[in-house]
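Okay, so here's the structure we're looking at.
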Amino acid sequence: MTETFKYGAELAADIEARWQDYWEKHGTYETPNPSGELAGDAELAAKPSKFVMDMFPYPSGSGLHVGHPLGYIATDVYARFLRMTGNNVLYTLGFDAFGLPAEQYAVQTGTHPRVSTEANMANMKAQLRRLGLGHDRRRSFATIDPGYYKWTQWIFLQIFNSWYDQEAGRARPIDELVAAFADGTREVPGGRVWAELDERERADVLGEFRLAYASDAPVNWCPGLGTVLANEEVTADGRSERGNFPVFKAKLRQWNMRITAYADRLIDDLEQLEWPEAIKLQQRNWIGRSEGARVDFPVATPDGRQETVTVFTTRPDTLFGATYMVLAPEHPLIEAIAPAAWPQTTHGAWTGGHATPAEAIAAYRAQSAAKSDVERQAESREKTGVFTGAYAINPVNGESIPVFVADYVLMGYGTGAIMAVPGQDPRDWEFATVFDLPIVRTVQPPEGFDGEAFTGDGPAINSAGEGVDLNGMGVDEAKRTVIAYLEESGLGAGTINYRLRDWLFSRQRYWGEPFPIVYDEEGVAHPLPASMLPLELPEVDDYSPRTFDADDADTEPETPLSRNEDWVNVELDLGDGRGVRRFRRETNTMPNWAGSCWYEMRYLDPHNDEALVDPEIERYWMGPDESRPHGGVDLYVGGAEHAVLHLLYARFWSKVLFDLGHVSAAEPFHRLYNQGMIQAYVYRDARGFPVAAAEVEERDGGYFHDGEQVRREVGKMGKSLKNAVSPDEVCAEYGADTLRLYEMAMGPLDVSRPWDTRAVVGQFRLLQRLWRNVLDEETGTVTVVDEAPDDATLRAMHKAVDGVTRDLEGLRFNTAIAKITELNNHVTKAAGNGTPVAREVAETMVLLVAPLAPHVAEELWQRLGHDESLVHHDFPVADPAYVVDESVTCVVQIKGKVRARLEVAPAITDAELEAVALADPAVLRALDGAPIRKVIVRAPKLVNIVPG
RNA sequence: GCGGCCGUUGCUGAAUUGGUAUAAGCGCAACACUUAGGAUGUUGUGGGCGAAAGCCCAUGUGGGUUCGAGUCCCACCGGCCGCACCA
């Protein structure tokens, strides 16, 4: 092979492979911890710590397209920049390898999930290595590594063994609650005596407090996937986020995490985080905090007792307008209050044509249970319901109001019961109209209001009773007044309600972390002692989930692990002094979110076998400081689709671990950045089918495939739209440095935009020009001269340094590249005019481009005579004296329109500039003798003259 | 329906946050070097009028605030995203 020094695909490939090997061999990206196993270069560890992280990937089998590494390239550039500006930077990448995608892929290909997952990870690692990402590989792991999930299970046990102390506002060990129950400092629910409870009863009591607990509750059952799902994994139209199968409500015993205990802190602590407002807003909405009141409505039962139905309302001020009441179909009190026969006064339309309330209720329940959420959404929102036959007493005015069952009230929100105020609520108005119920306005609508329910502010009317008179008050005052009255008279209380539900934490899957829980012969759950962790997934022959007809709600989940009797039935000594006993293992597994709830902490201390992370090391990297009041990762980059899933769960786990004293950071991610999506052009033929984008040619202003005209649109990149571009292709044609530059130059990181293969060459040309500015393509000799650069070049250089530094700090990679390009173009032009490139300028350009295009930068740096890698070299610093131009172009405007340009010194005073501007011939000509009313001067760039 | 974001050139996009609109890249055109160019370099490239100097118009549309608006305010049009019978 004849040696060539021309920067082309071949040379780029050679340079890149060489430097990737060099970095690996020299451990260039190995970041020292302050102590412990990964302690190293003490000088480096003494620098300020910066922790930069990507959302780690699923090891998917289909390989990467150029959209996948966008965020990784951005974090790599930023991490490199931070290294060059005096920081000790932790940067690595692991794999989120448990969960549905990995398992489904394994099922499709008929191989064991571990085998296919490992193969996929190896493939992705090779693809990522080709991009030159500066990861500390010693810190990488996959969530499926037993050494990692040992600690996932350990954290589960911590959560299981704690409760939320409302008074203290934090989680505490469950033992402290047991002690309080035992010595009577805390009352046992139901007024029972702790010492008199048996083991089963105690377990049940504690289950009401534990932050991880099993309960029988309506859950999201997805027959098509064969598993239950968390609320966050179900779409608005009642389908599974993965696979898009229908989801049904089913009552099943499942594990939950009491995330609701943290609702307020999860909202409040958002304040201090540097996250996109849109994501904060989504989290706030998801948690759905709303302030209002609980109000108790007495209902007489058929057997002469009195029941109390509690409602939640955000509008207690409208209580006098409550003319009926509605319970959700699943409400537990319906049976107790429904009489055997319809009361005499029953309106014909209220019975649904049934002979008795019991029949009507049963029929209505059957009708609404048969509807999946999908159908409920698809139907028009016409209100349906049925009378229970019972009447409640409105506590403020003693009115007897009918109680209905209707599915527009949801058991999962508030108390599952509402007071209906048709005068002020559009839904209640609609229902009242259908069932001919009375409507009483309690807020005076404004003059000319001709709508139905009035939801705005106004003076209260029709709102006076024996104990309280709201008339004339505005909404806020009326709320306060009525809440005070309710509390005084024991009829209710001000309260806060949340939309957030507890997190359903178990799945009927093989490919997940087994629960470290066993059941004794009485069915009481016992945690495994930490010494028995990790509880490894057993090897089984049949790991596929039992799935069902997607529409068959009448099915039940079956856990793959339960098929393995040898593993399920065990004899263990739990170390509780009761010796070896027989147990059955929990056969559910954890959801794939478990592994991603705490992985940032494990990067810090990945091989620690004594603790999830050493406290000193955790404090060094993640501990709170002035800029991060709750601590956390300095920069976390990933897609916005995790706004309420991973990001909420991870925050929750961090807070529990923080409360229990295991970590110093109460928030996992201080600064969050959502990268946009790289889209791609989609070409469709006349029938609307996508055609292979790579085969489309553009001519005569149109696009053609196989001689046929096709139309172009912008869509997602992927196999199904036949427009995927793999990073391997781009690397082969231009090299990884060009790919990196192009992805960073395409536009702002947080904006989505289409990939344009044609435009990649622009960044390739930048590197070629840079290369030629340093050395001779024919001979390979360095051509830079050891002379001082001329003044103009020096200014261009320092301006570029200044701008690039600020752009990289702000993650504005596209404009940073534009500034480097400008400087390089300046140098190229000067060289073309016979001014050789000065060493100082060449080296500065190499350092500026180093975070973005590290391979070519290392190569040029070495050729410029340096023996050491530039990865830890100082980034150039701009000299302020050269950042300002020698002369500045000042615009002279007349009434805001530019009429003249002046070259002036940057230090010119306002008065001097005004004098110069007013003497300028072009200005005089434009003014044409008009008198001057006002002159605005912003030296040195602008003068605006306003003629009278 | 509620909430949030965004409309700049043929395309991707800049604009120190109210102060020269259109940086940089792609594409396109011309020229140079070349046997050749899908290489490289140079120059040009929002629209209109003009020989030129220059003038007028232009940041989705219409209004407003200001000496001055892509930027701030109001209304509308178009697009994207989130939530949605949440009491």
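The values are calculated or read from the model by the stated rules, or taken from the named source; none is laboratory data. This is a predicted model, so every value here is computed, not measured. Please note: Cβ atoms are built from the backbone with ideal geometry, for glycine as well, and neighbour counts cover all protein chains shown.
Entry remark, region A:422-442: residues being more than 7 Å from RNA strand B (Cβ to nearest atom) and assigned to a loop (DSSP other than H, G, I, E, B) number 10 in total.
Is it the case that residue A:424 is over 39 Å from the mean Cα position of the chain (by Cα) and farther than 30 Å from residue A:219 by Cα? Answer is no for this residue. Whether any residue in region A:723-734 is buried (at least 18 other Cβ atoms within 10 Å of the Cβ) and among the polar types (S, T, N, Q) is what I want to check. Yes, region A:723-734 contains a residue that is buried (at least 18 other Cβ atoms within 10 Å of the Cβ) and among the polar types (S, T, N, Q). Can we say residue A:339 is outside any helix (DSSP H, G or I), out of contact with any Leu (no Cβ under 7 Å at 6 or more places or on another chain) and buried (at least 19 other Cβ atoms within 10 Å of the Cβ)? Judged against the criteria, residue A:339 is not a match. Only one of the numbered conditions (1) at pLDDT below 95; (2) more than 16 Å from RNA strand B (Cβ to nearest atom) is violated by residue A:639, and that is (2).
Scanning region A:98-134 for residues that are more than 18 Å from residue A:64 (Cα to Cα) and either among the charged types (D, E, K, R) or modelled with pLDDT of 95 or more (or both) returns A:103, A:114, A:134.
Of all the listed residues (A:129, A:139), the sole one being touching a Pro at 6+ places or on another chain (Cβ under 8 Å), basic (Lys, Arg) and touching a residue at least 24 places away in the same chain (Cβ under 8 Å) is A:139. Would you be able to tell me the number of residues in region A:172-215 that are aromatic (Phe, Trp, Tyr) and in a strand (DSSP E or B)? So the count comes out to 1. Of the residues making up region A:393-409, those that are away from RNA strand B (no atom under 15 Å from the Cβ) and either more than 25 Å from residue A:356 (Cβ to Cβ) or of a type in the set (A, V, I, L, M, F, W, C) (or both) are A:393, A:395, A:396, A:397, A:398, A:399. When you go through A:762, A:780, A:747, A:803 one by one, which is the residue that is under 20 Å from residue A:859 (Cβ atoms) and small (Gly, Ala, Ser)? Answer to the selection: A:780.
When region A:141-171 is filtered for residues that are aromatic (Phe, Trp, Tyr) and part of a helix (DSSP H, G or I), the ones remaining, listed by number, are A:148, A:149, A:151, A:154, A:156, A:160.
Those helices (runs of 4 or more DSSP H) of region A:28-129 in which at least 3 residues are surrounded by 22 or more Cβ atoms within 10 Å (Cβ to Cβ), hydrophobic (A, V, I, L, M, F, W, C) and touching a helix residue (DSSP H, G or I) at 6+ places or on another chain (Cβ under 9 Å), considering only elements entirely within it, cover A:70-84. In the set (1) out of contact with any Gly (no Cβ under 9 Å at 6 or more places or on another chain); (2) hydrophobic (A, V, I, L, M, F, W, C); (3) at pLDDT 90 or above, residue A:386 fails one condition alone, (1). One residue alone among A:152, A:111, A:117 is polar (S, T, N, Q) and within 30 Å of residue A:21 (Cβ to Cβ), and that residue is A:117.
Being hydroxyl-bearing (Ser, Thr, Tyr) and modelled with pLDDT of 95 or more is the filter here; which residues of region A:5-34 pass it?
A:22, A:28, A:29, A:31
In region A:530-607, counting only helices (runs of 4 or more DSSP H) that sit wholly within it, the ones holding 1 or more residues that are within 29 Å of the chain's Cα centre (by Cα) and in contact (Cβ under 8 Å) with a residue 24 or more places away in the chain span A:593-596, A:599-604. Quick check on my filter: what residues within region A:662-695 are of a type in the set (A, V, I, L, M), more than 14 Å from RNA strand B (Cβ to nearest atom) and buried (at least 19 other Cβ atoms within 10 Å of the Cβ)? Matches in region A:662-695: A:663, A:665, A:666, A:672, A:691, A:693.
None of A:918, A:942, A:913, A:860 is modelled with pLDDT of 85 or more, among the aliphatic types (A, V, I, L, M) and closer than 30 Å to residue A:9 by Cα except A:860. Taken over region A:694-753, the residue count meeting the criterion of being of a type in the set (Ser, Thr, Tyr) and over 28 Å from residue A:133 (Cα atoms) is 2. Just one of the listed residues (A:277, A:330) is within 11 Å of RNA strand B (Cβ to nearest atom), modelled with pLDDT under 90 and crowded, with 17+ Cβ neighbours inside 10 Å, and it is A:330. Restricting attention to region A:815-836, the residues that are over 42 Å from the mean Cα position of the chain (by Cα) and within 13 Å of RNA strand B (Cβ to nearest atom) total 10.
Of the residues contained in region A:298-318, one or more are found to be within 16 Å of RNA strand B (Cβ to nearest atom), in contact (Cβ under 8 Å) with a residue 60 or more places away in the chain, closer than 30 Å to residue A:463 by Cα and charged (D, E, K, R).
Show the residue pairs that are 6+ apart or on different chains and have beta-carbon atoms under 6 Å apart, the first residue being within region A:486-501 and in a strand (DSSP E or B), the second being among the aromatic types (Phe, Trp, Tyr). Matching pairs, first to second residue: A:497/A:312.
For residue A:387, the criteria (1) part of a loop (DSSP other than H, G, I, E, B); (2) more than 15 Å from RNA strand B (Cβ to nearest atom) hold in every case but one, which is (1). Screening region A:711-814 for helices (runs of 4 or more DSSP H) wholly inside it with 1 or more residues that are more than 13 Å from RNA strand B (Cβ to nearest atom), under 30 Å from residue A:64 (Cβ atoms) and of a type in the set (Val, Ile, Thr) returns the ranges A:727-734.
Against the criterion of being touching a residue at least 60 places away in the same chain (Cβ under 8 Å), within 22 Å of the chain's Cα centre (by Cα) and over 22 Å from residue A:592 (Cα atoms), residue A:85 does not qualify.
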